[in-house]
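Right, one structure below, let's go through it.
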Amino acid sequence: MIKLKADYVVTMNKNYEILLNAEVLFDKKIKEIGYNLPGKSIYLGKNSVLMPALINTHTHLEFSANKTSLIYGDFITWLESVIDKREELFLSCKGDCYKKAIEEMKKSGICAFGEISSSGNDLKYLKHSPLKVVYFNEIIGTNPAVVDAMYQDFLNRLDESLSLENENFKPAVSIHSPYSVHPILMDKIIQIAKEKKLPIQAHFMESPAERSWLDKGEGPFKLFFEKHFKNAKPLIKPLEFIEKFKNTNTTFIHCVYANEKELEKISEIDAKIAHCPVSNRLLNVGKLDLEKVKNYKIDYSVATDGLSSNYSLNLFKEIRAALLIQTDLHPKYLAKDLLKAVTVNAAKELNLNNGSIEIGKDADLITFKLPESVNNLDIIPLQIILHTNEVNELYINGGKI
Ligand code: BEZ
Ligand code: FE2
């Protein structure tokens, strides 16, 4: 049993309690939170913070070799560069490349991440990851000539990941997007997710190109599909796409161009949204309307996306970017929401038993120090986001990593 004492214990419980000079007692799970608890405590020092470790819901570590290969600034140009460089990037990301990516997440206090795997190349590097992994086997493919082969490949990857399931490695599924997956494949995969109770992720309404393609079969995607697939037409309406995920645990990634009806539908089926502000900025697609997301009472997480559309996997940097980009929301209240996004909300999206300091939760915790004391408790989340880049300690299942 370990007992830590910190100046600020940010519980992330339902009442958003921040306790001063409090103690947390844990082994693999959190046992007790409070004052004068039994046993000898380790005091974390002046201005110390103890809070739940962060969760990065959406990454593509397969692309971690990218630094300058992919072309930023325009969605379709970027997508073409991904198609062009994909194999090359995959081949150049091996052991050290995955290790570096995980190390950066670890330093920024991430205990768990959602990995979107399109190839299965990443499995051998991630199955023994020191951080918890929720492994989203992704399907892509609209061309009827290849859907059977794509499905078989998906099933093989899913089976392999299912055989590796343990406390720290959980399989899941991902449908790349409404424009890139054949509806027949969508149905088959959603059915599997329902039967096996697996979380789902899908990119949704990331770019204006996706909006005009799905609404009218027009815009830059028309040329893209003519070039790659000849005479393709959009295969599904956006609302129909969302509706398919009823009665599942689904997170829609981006939603920058989701309209009111779609947000209403996302809310109605109790799906979630992952906000990736840096990726959206680099691909120059604008920003998610977080105020609307809040008005529709949709829970959201914040994620880095992959190094295919980011310069960093540090989640403190990502929520700081969100804080600075989301200028319609008051920084004090937005900061509170952003800490929730990368802890409690993220845990729900990934079906994890962590994300808050409450009895019975996994002891996935981080410790770090603020530069000075903070008198007003209400402002602590904002000060944490402004002043934290790396953590001092990361505990996963009660063990120091
Ligand atoms: C496809 O494989 O059908 C596809 C891939 C990327 C974008 C659109 C479609
Ligand atoms: Fe993504």
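Could you tell me which residue of the stretch 324-363 is most open to solvent (accessible area, probe 1.4 Å), considering only residues that are over 22 Å from His58 (Cα atoms) and touching a Ser or Thr at 6+ places or on another chain (Cβ under 8 Å)? The extreme case among them is Glu358.
A residue that is in the same structural domain as Arg281 (by TED's automatic domain parsing), of a type in the set (Phe, Trp, Tyr) and touching an Asp or Glu at 6+ places or on another chain (Cβ under 9 Å) occurs somewhere in the stretch 315-329.
Residue check: Ser161 meets all listed conditions (1) more than 16 Å from Ile189 (Cα to Cα); (2) in contact with a Phe, Trp or Tyr (Cβ under 6 Å, 6 or more places away or on another chain); (3) of a type in the set (Ser, Thr, Tyr) but one, namely (1).
Selection over the stretch 364-385 of residues that are in contact (Cβ under 8 Å) with a residue 60 or more places away in the chain and crowded, with 16+ Cβ neighbours inside 10 Å gives a count of 12. Just checking, does the stretch 189-201 include any residue being at pLDDT 95 or above, assigned to a helix (DSSP H, G or I) and over 22 Å from the mean Cα position of the chain (by Cα)? Yes.
Of the residues making up the stretch 88-108, those that are touching a strand residue (DSSP E or B) at 6+ places or on another chain (Cβ under 9 Å) and open to solvent by less than 30 Å² (accessible area, probe 1.4 Å) number 4. For Phe221, the conditions (1) over 28 Å from Asn345 (Cβ atoms); (2) open to solvent by 10 Å² or more (accessible area, probe 1.4 Å) are fulfilled apart from (2). Residues that are over 20 Å from the mean Cα position of the chain (by Cα) and part of a loop (DSSP other than H, G, I, E, B) within the stretch 122-175 comprise Thr142, Asn143, Pro144, Ala145, Val146, Leu164, listed in sequence order.
Against the definition (in contact with a helix residue (DSSP H, G or I) (Cβ under 9 Å, 6 or more places away or on another chain), without any contact (Cβ under 8 Å) to a residue 60 or more places away in the chain and open to solvent by 10 Å² or more (accessible area, probe 1.4 Å)), how does Val293 come out, yes or no? Considered against the rule, which asks whether it is in contact with a helix residue (DSSP H, G or I) (Cβ under 9 Å, 6 or more places away or on another chain), without any contact (Cβ under 8 Å) to a residue 60 or more places away in the chain and open to solvent by 10 Å² or more (accessible area, probe 1.4 Å), Val293 comes out as no. Residues that are more than 16 Å from the chain's Cα centre (by Cα), within 30 Å of Lys28 (Cα to Cα) and not in a strand (DSSP E or B) within the stretch 40-77 comprise Lys40, Ser41, Leu44, Gly45, Lys46, Asn47, listed in sequence order.
The values are calculated or read from the model by the stated rules, or taken from the named source; none is laboratory data. Remember, predicted model here, so these are calculated numbers, not experimental data. So basically every Cβ, Gly included, is an ideal-geometry build from the backbone, and we count neighbours across all protein chains shown. Surface accessibility is based on the protein's heavy atoms, side chains included, excluding ligands, DNA and RNA. Shrake-Rupley method; radii C 1.70, N 1.55, O 1.52, S 1.80 Å.
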